[in-house]
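Undergrad: What follows is a single structure, and I will ask about it in a moment.
The values are calculated or read from the model by the stated rules, or taken from the named source; none is laboratory data. Here the structure is a predicted model, which means the values were calculated and not measured. Cβ atoms come from the backbone with ideal geometry, glycine included; neighbour counts cover every protein chain shown. For the accessible areas, the whole protein counts, side chains as well, though only heavy atoms, and no ligand, DNA or RNA atoms are used. Shrake-Rupley method; radii C 1.70, N 1.55, O 1.52, S 1.80 Å.
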Amino acid sequence: MSVGDYIRNSQIWRSVFRHPAPTDRRNRVVVMLTNFFLHLHPVSVKQQGIALSYTWCMGGITFFLFLVEALTGVLLMFYYRPTLEWAFYDIQALRDVQTLGIMREIHRWGAHAMVITVWLHMYRVFLTGSYKPPREFNWVIGVLLLVLTLLLSFTGYLLPWDQLAIWAITVGSNMARAHPFLGGEGPGFQLLNMGGYDLITNASDAKFLLLGGRFVGEATLNRFYILHCVAIPVVVSGLIAIHFWRVRKDGGISQPL
Amino acid sequence: MNPHPDLTSSVIHGLGWYYLIVFFMNLYWTVRSYKVDGEFASGVPVVGGLPVAAVWACISSVLLMISVAHFTGTGSPDTFMIRLPEFFKNPVDAFFADPVVYFLGSVSLFVFMVVFREWWVKDSVAWSLLQASLIFMGLSMSDYDFRQIVGKPDNVPIVAMLFIVAFLTWIYFRRATDNDRRVAEGRPLFEQEDNEKVLVWPDLVYTELICMILLTALLIFWGIGLEAPLEEPASSVKTPNPSKAPWYFLGLQEMLVYFDPWLAGVVLPGIILGGLMAVPYIDFNKAGNGYYCFKDRWFAVSTFLFGFFPLWIALIVLGTFLRGPNWNFYGIYELWDVHKVKAANNVNLSEYVWSLFGGVPTGSDILTILKRECVGIVLVLGYFFVLPPLLGLTILRRFFVRMGVLRFLVFSNLILWMAVLPIKMVLRWSFSLKYIVGIPEWFFNI
Ligand code: HEM
């Protein structure tokens, strides 16, 4: 008996995987049904549906990049304090001092890549007409995921707290000031007043809500940190789960009828 | 020492490797071409009867020589010969350093891509286009200013994205034209051939595993090779010029040139997202569900491609690579000179109109304001409220009948919103038009 077989027949191995190695047809079916991670997939699929030239694997790559971001992001959190005093220097130290120094690089390039792949995934879904019935709603969930991916990237952009960061966020968040009705410099904000007092001022408008202040400052850093590390990832994970569920329930990856 | 050297010895070295890779790509293609392309027709002068591969062999050997020259040059980098000549750079900068030419160029490219799809998806054509763009990139890298902007760590993914998008678009049009032909001839679709059920283990899980390993390797190499940028610590008093949003929002930032923030930053993004979500509910066409095709969905696909290429990707490229200090437009080989001035003397529609009637009415009460802007207001209301029904009764009648009132109104409004940016661009360029409706008193400018 080879070492491999010995291991695969041991009680420990079998307690974890509950079935022999997937080398024959039966066990290849069983593995898909019993393994938690694999059960995201169906047991069998149409050959053309999983062809690389059909899906470009872009949804899968986006998901993988999301996982990479989660992992490297947690590692970065060990080294990073979101305060004006430390944020910049913690990032600087990552490069100069820490052993896992390329975690920041992987996290940043992974984030850029994820933005690109999510567009390309949408591009593919459009070009194969996969948003057509019965998959309309999954497309809508997809658009939400697209927005949240961009917001994840946007909120993360501030965290290094360097010149690039705060000015990019300043440019971006100035838009909120111009929100119709809800921005202190947007059309129609004067209409929201009570007994002569403006409800929307630059200390109570959409930009203020986003930044936690009139300018990009410590409160903004805190807000963006929480959005970036907790709030948005949680929502994205939930939506991805629904997205995958719906891919299966809508009949698997689209194919000609 | 020149502070902005076009070439340094490390750049020359890097380009040597670059051309070596391009050489190997073309070597592969020579072999492939020898196997599949056959010979030139015997009637063609000079090359008649020669294998097509001979051309590729010539190109490959030139590339090899270029590459070797980069490694063996011993003189000072300033005298190295293989670089873009000024007589090429200057006209390119002069001609293209202009948003009008750039935007119209990207629209023409889009039209070309759709109309000549049968031609450019051919293997040899697509390959030639790829090689041309690689050589263009290589040569351009010998320019200091080009390298400055393209080589910025945060911009590297954008360059990569351009190549990937081009490649995937090639796949799309290739498979779509193939399927279009199949449909016309009554043959089964490509996706319907060999479409047996297969087990996910091993067919899919192994693909995924390999994909993950390759991606991990890519990210690690990328992470080691390219340092993430970290500039000076944040300072709220030192405003950088230009201040740019993150690159994926630069299409929106570019819209700020033409629209006020409430439109460019809030309403238009909202409409883009709402419009995307609405797509499945307004596209009533049943064809093309689950396979690549163009002919049977030409309207939907062209609209989407128009939004994706000229209005999104091209604007990101514009914002990233071509917008410099003061949001001025700079050529790809041009120095970002802070003092470049561009006279912007834009005029509101109301000023045009009232100059015919003896001057703009003054006063800040509601009635005067409305009177002042009445032409613009009528135009805008007409655009969004009168035009849709008119379109529905005339050229878009076919859609109106299939869609019903509500869906048609949503659809036509979305199409009109999509046209808003190009329209405003053209008005700006041709009439220096600032606002169609300009009511700064209420922050309401269109
Ligand atoms: C975080 C972002 C996203 C992730 C992780 C993700 C993941 C996936 C995966 C793994 C699939 C299976 C097929 C494939 O790989 O192509 C899929 C399918 C699909 N996705 Fe996404 N997706 C995301 C965003 C989007 C977006 C932005 C859209 C569209 C606006 C979208 C619409 C769809 C649709 C309609 C399908 C079904 C396609 C078919 O059956 O052919 N998704 N998604």
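Undergrad: Which of A:67, A:84, A:116 sits closest to the plus end of the dipole of the stretch A:65-125, meaning its Cα is farthest towards the positive end, when Lys and Arg get +1 and Asp and Glu get -1 on the C-beta?
TA: Farthest towards the positive end: A:116.
Undergrad: Summed for both chains, how many Å² of accessible area, to the nearest 100, are buried between B and A with a 1.4 Å probe?
TA: Interface between B and A: roughly 8400 Å².
Undergrad: Right, here's the next one. Karplus couplings for the stretch A:197-203 from phi (6.51 cos²θ - 1.76 cosθ + 1.60, θ = phi - 60°), rounded to Hz, Gly and Pro as x?
TA: With coefficients 6.51, -1.76 and 1.60, one gets 9, 5, 7, 9, 10, 6, 10 Hz.
Undergrad: So, one more: Normalise the Debye intensity by I(0) for the stretch B:349-445, one equal point scatterer per Cα, no solvent, then take log10 at q = 0.18, 0.22 Å⁻¹ and round to two decimals.
TA: Taken in order of the listed q values, log10 I(q)/I(0) reads -0.90, -1.09.
Undergrad: What are the residues whose amide H is under 5 Å from the amide H of residue B:445, where those residues sit 5 or more places off or on another chain and H is modelled from the backbone?
TA: Hits under the 5 Å cutoff: B:439.
Undergrad: Hey, can you grab everything whose amide H is under 5 Å from the amide H of residue B:433? Only 5+ residues off in sequence or another chain; H modelled, so Pro and N-termini drop out.
TA: Those qualifying (amide H under 5 Å, at least 5 residues apart or on another chain) are B:347, B:428.
Undergrad: Output the DSSP H helices from chain A with an along-axis C-alpha extent of no less than 30 Å and a mean Kyte-Doolittle hydropathy no less than 1.0. Walk me through the intermediate numbers first.
TA: Details: long enough: A:58-79 (31 Å, 1.88); A:103-127 (35 Å, 0.42); A:136-158 (35 Å, 1.78).
Correct list, ordered by number: A:58-79, A:136-158.
Undergrad: Can you list residues whose amide H is under 5 Å from residue A:162's amide H, if they're 5+ apart or on another chain and H is modeled 1.01 Å from N?
TA: Under 5 Å from the amide H of residue A:162 lie the amide H atoms of B:234, each far enough along the sequence or on another chain.
Undergrad: Something else: Of B:109, B:36, B:168, which is farthest along the charge dipole of chain B in the positive direction, counting Lys and Arg as +1 and Asp and Glu as -1 at C-beta?
TA: B:109
Undergrad: Suppose the Debye formula is applied to equal point scatterers at every Cα of the protein assembly as shown; what is log10 I(q)/I(0) at q = 0.11, 0.12 Å⁻¹?
TA: Once normalised to I(0) and log-transformed, intensities are -1.46, -1.66.
Undergrad: Note down the Stokes-Einstein diffusion coefficient of the stretch A:17-112 in µm²/s, whole number, using a Kirkwood radius over alpha carbon pairs, 37 °C, and 0.692 mPa s. Please report the intermediate quantities before stating the final value.
TA: On the way: Rh = 16.8 Å.
Value of D from the Cα-based Kirkwood radius: 195 µm²/s.
Undergrad: Take every Cα-Cα distance within chain A, group them into 10 Å bins from 0 onward, and report for each bin the whole-number percent of pairs it holds.
TA: Histogramming chain A at 10 Å steps yields 6, 22, 24, 23, 16, 6, 2, 1, 0 percent.
Undergrad: A further question follows. Note down the magnitude of the dipole of chain B about its Cα centre, charges +1 on Lys and Arg C-beta and -1 on Asp and Glu C-beta and zero elsewhere, to the nearest 20 debye. Spell out each step's value before the answer.
TA: Details: 31 positive and 34 negative charges, 233 e Å.
Result for chain B is approximately 1120 debye, rounded to the nearest 20.
Undergrad: Next up: Let's see if you can work this out: charge +1 on each Lys and Arg Cβ, -1 on each Asp and Glu Cβ, no other charges. What is the dipole magnitude of the stretch A:1-44 about its Cα centre, in debye to the nearest 20?
TA: 100 debye
Undergrad: Separate question: In whole Hz and in residue order, list the ³J(HN,Hα) couplings for the stretch B:230-247 that follow from phi through the Karplus curve 6.51 cos²θ - 1.76 cosθ + 1.60, θ = phi - 60°; x for Gly and Pro.
TA: Here the 3J(HN,Hα) series is 9, 8, 5, x, 4, 9, 7, 9, 8, 7, x, 10, x, 8, 10, 5, x, 4 Hz.
Undergrad: A further question on this structure: Regarding the stretch A:161-257, what is the average projected area of its C-alpha convex hull, in nm²?
TA: 10.3 nm²
Undergrad: What percentage of all Cα-Cα pairs in the stretch B:18-139 are separated by more than 24 Å?
TA: Across the stretch B:18-139, Cα pairs with separations above 24 Å total 48 percent.
Undergrad: Okay, moving on. Per-residue HN-Hα couplings for the stretch A:80-86, Karplus 6.51 cos²θ - 1.76 cosθ + 1.60 at θ = phi - 60°, whole Hz, x for Gly and Pro?
TA: 10, 10, x, 10, 4, 5, 10
Undergrad: Right, here's the next one. Per residue, what accessible area does the protein assembly as shown have, given a 1.4 Å probe and all protein chains present, in Å²?
TA: Details: 35350 Å² over 703 residues.
Averaged over the residues of the protein assembly as shown, the accessible area is 50 Å².
Undergrad: Please list, by residue number, every one of the GluC sites (Glu not before Pro) in the stretch A:1-105 that is coil in DSSP and has at most 10 other beta-carbon atoms within 10 Å.
TA: Of the GluC sites (Glu not before Pro), the ones in loops of the stretch A:1-105 whose Cβ has at most 10 other Cβ atoms within 10 Å are A:85.
Undergrad: Using 0.36 nm times the number of residues separating residue B:232 and residue B:379, minus their current alpha carbon distance, what extension gain do you get?
TA: Result: 48.1 nm gained on full extension.
Undergrad: Once the dipole of the stretch B:269-401 is set up with Lys and Arg at +1 and Asp and Glu at -1 on Cβ about the Cα centre, which of B:381, B:346, B:287 lies farthest towards its positive end?
TA: B:287
Undergrad: Rounded to the nearest 20 Debye, what is the dipole magnitude of the protein assembly as shown about its Cα centre when Lys and Arg each give +1 and Asp and Glu each give -1 at the C-beta?
TA: Dipole of the protein assembly as shown, to the nearest 20 debye: 2000 debye.
Undergrad: Quick one: compute a quarter of the convex hull surface over the Cα atoms of chain B and quote it in nm².
TA: Mean projected area of the Cα convex hull: 31.6 nm².
Undergrad: Among all the aspartates and glutamates, which ones have a C-alpha under 13 Å from residue B:152's C-alpha, if same-chain residues fewer than 8 places away are not counted?
TA: B:227, B:231
Undergrad: In the stretch A:1-108, what chymotrypsin sites (Phe, Trp or Tyr not before Pro) fall in a loop by DSSP, with at most 15 other Cβ atoms inside 10 Å?
TA: Counting only loop positions with at most 15 other Cβ atoms within 10 Å, the chymotrypsin sites (Phe, Trp or Tyr not before Pro) in the stretch A:1-108 are A:36, A:37, A:86.
Undergrad: In terms of Cα to Cα distance under 22 Å, which lysines are near enough to residue A:132, apart from those fewer than 8 places away along the same chain?
TA: A:46, A:249, B:286, B:295
Undergrad: Gap in Å between the Cα centre of the stretch B:298-344 and the Cα centre of the stretch A:105-141?
TA: When both Cα centres are located, 24 Å separates them.
Undergrad: List the chymotrypsin sites (Phe, Trp or Tyr not before Pro) in the stretch B:60-134 that DSSP assigns to loop (not H, G, I, E or B) and whose Cβ has at most 14 other Cβ atoms within 10 Å. Which are they?
TA: In loop regions of the stretch B:60-134 (DSSP not H, G, I, E or B), the sparsely surrounded chymotrypsin sites (Phe, Trp or Tyr not before Pro) are B:116.
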